[in-house]
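Trainee: The structure that follows is given in the form of structure tokens.
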Amino acid sequence: DAGITQSPRHKVTETGTPVTLRCHQTENHRYMYWYRQDPGHGLRLIHYSYGVKDTDKGEVSDGYSVSRSKTEDFLLTLESATSSQTSVYFCAISPRQGYVGNEQFFGPGTRLTVL
Amino acid sequence: DQQVKQNSPSLSVQEGRISILNCDYTNSMFDYFLWYKKYPAEGPTFLISISSIKDKNEDGRFTVFLNKSAKHLSLHIVPSQPGDSAVYFCAASTRNNNDMRFGAGTRLTVKP
């Protein structure tokens, strides 16, 4: 299994509070991704990173920001959490673009509840 | 704008029989198609993929078929086992896999 950890694994917070989720990898992979999983939508890309300090928006980036100051860590921040951001968040990594099969490797997920 | 669709939310199959999971896509720019398997409280795990230059890829009990003209792919599991019970996600991406799109998933139940 790829060495990916996410913290926290569960979090309950209140509307309007800031929240930061952490993804940590031990594989030294260049690309890192944040997805959210919601019923009826599958996984949707929030932001991704293609190197230290290099990030870009995904399909559902509104209300989220990211940072990557080290190869191994990718942080997802909700500046002011809303109930619509209640979801399960997955981090994923991949070695490079065009990797054989194009597969990404996923972390165990963080369940976030915004009350 | 859901570019990858899995129209069957659930599928139930008897152990030993074939499971067929289907997926349709709308974006003709997709180059790679993947299937991921997900157990409860775990992250998705890669199962099998196929590039757009092929129409079939096989890995043990798992075979993925691609029909580019119909923009349709399917995953066949033969024979199905109870341990295959999980949610299966279809995904598609261009060569630049920073834009991978996922279907909503199909929950497969394999009954002993």
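Taken together, the values in this text are just the output of simple stated rules run on the coordinates, not laboratory data. Bear in mind the structure is a predicted one, so any value in this text is a computation, not a measurement. Ideal geometry is used to build each Cβ from the backbone, glycine not excepted, and the neighbour counts take in all protein chains shown.
Trainee: Would you mind checking which residues have amide H under 5 Å from B:ALA86's amide H? H placed 1.01 Å from N; only 5 or more apart, or other chain.
Mentor: It is B:LEU108, by chain and number.
Trainee: What is the total of Lys pairs in the protein assembly as shown with C-alpha atoms under 18 Å apart, excluding same-chain pairs fewer than 8 positions apart?
Mentor: Taking the protein assembly as shown as the scope, the lysine pair count is 11.
Trainee: Grab the beta carbon distance between B:SER51 and B:GLN14, set R0 = 22 Å, and tell me the FRET efficiency rounded to 0.05.
Mentor: Working from the Cβ atoms, E equals 0.10.
Trainee: Here's something else I'd like to know. With r defined as the distance between the Cβ atoms of B:ASN27 and A:SER65 and R0 fixed at 25 Å, what FRET efficiency is calculated, to the nearest 0.05?
Mentor: Working: r = 27 Å, r/R0 = 1.10.
Once the sixth-power term is evaluated, E becomes 0.35.
Trainee: About the Cα centre of chain A, how large is the charge dipole given +1 on each Lys and Arg Cβ and -1 on each Asp and Glu Cβ? Please answer in debye to the nearest 20.
Mentor: Its charge dipole is roughly 120 debye.
Trainee: Now, a different point. Other chains near B:19-30: what is the mean number of their Cβ atoms within 10 Å of each residue's Cβ?
Mentor: Mean shielding count: 0.
Trainee: Take B:ARG107, project a point 7 Å from its Cα along the Cβ direction, then tell me which residues of the stretch B:38-60 have their backbone nitrogen under 11 Å from it.
Mentor: Residues B:40 qualify, since their backbone N sits under 11 Å from the label point.
Trainee: Using 7 Å Cα-to-Cβ label points, what is the B:VAL78/A:GLU27 separation (nm, one decimal)?
Mentor: Placing both labels 7 Å beyond Cα along the Cβ direction yields 3.1 nm.
Trainee: Within 10 Å of each candidate Cβ there may be at most 13 other Cβ atoms; applying that plus a DSSP loop requirement, which GluC sites (Glu not before Pro) in the stretch A:1-84 survive?
Mentor: Details: sites: A:GLU14, A:GLU27, A:GLU59, A:GLU72, A:GLU79; in loops: A:GLU14, A:GLU27, A:GLU59, A:GLU72, A:GLU79.
Taking the stretch A:1-84 and a limit of 13 other Cβ atoms within 10 Å, the loop GluC sites (Glu not before Pro) found are A:GLU14, A:GLU79.
Trainee: Take every Cα-Cα distance within chain B, group them into 5 Å bins from 0 onward, and report for each bin the whole-number percent of pairs it holds.
Mentor: 2, 13, 24, 26, 19, 10, 4, 1, 0
Trainee: Take every residue in peptide B:31-37, count the Cβ atoms of other chains within 10 Å of its Cβ, and give the average of those counts.
Mentor: Per-residue shielding by partner chains comes out at 3.
Trainee: Treat every Asp and Glu Cβ in the protein assembly as shown as -1 and every Lys and Arg Cβ as +1, leave all other atoms uncharged, and give the resulting dipole magnitude about the Cα centre to the nearest 20 debye.
Mentor: Around 200 debye, computed over the protein assembly as shown.
Trainee: Right, next: Roughly how many whole Å is it from the C-alpha centroid of the stretch B:1-74 to that of the stretch A:1-62?
Mentor: The stretch B:1-74 and the stretch A:1-62 have Cα centres spaced 24 Å from each other.
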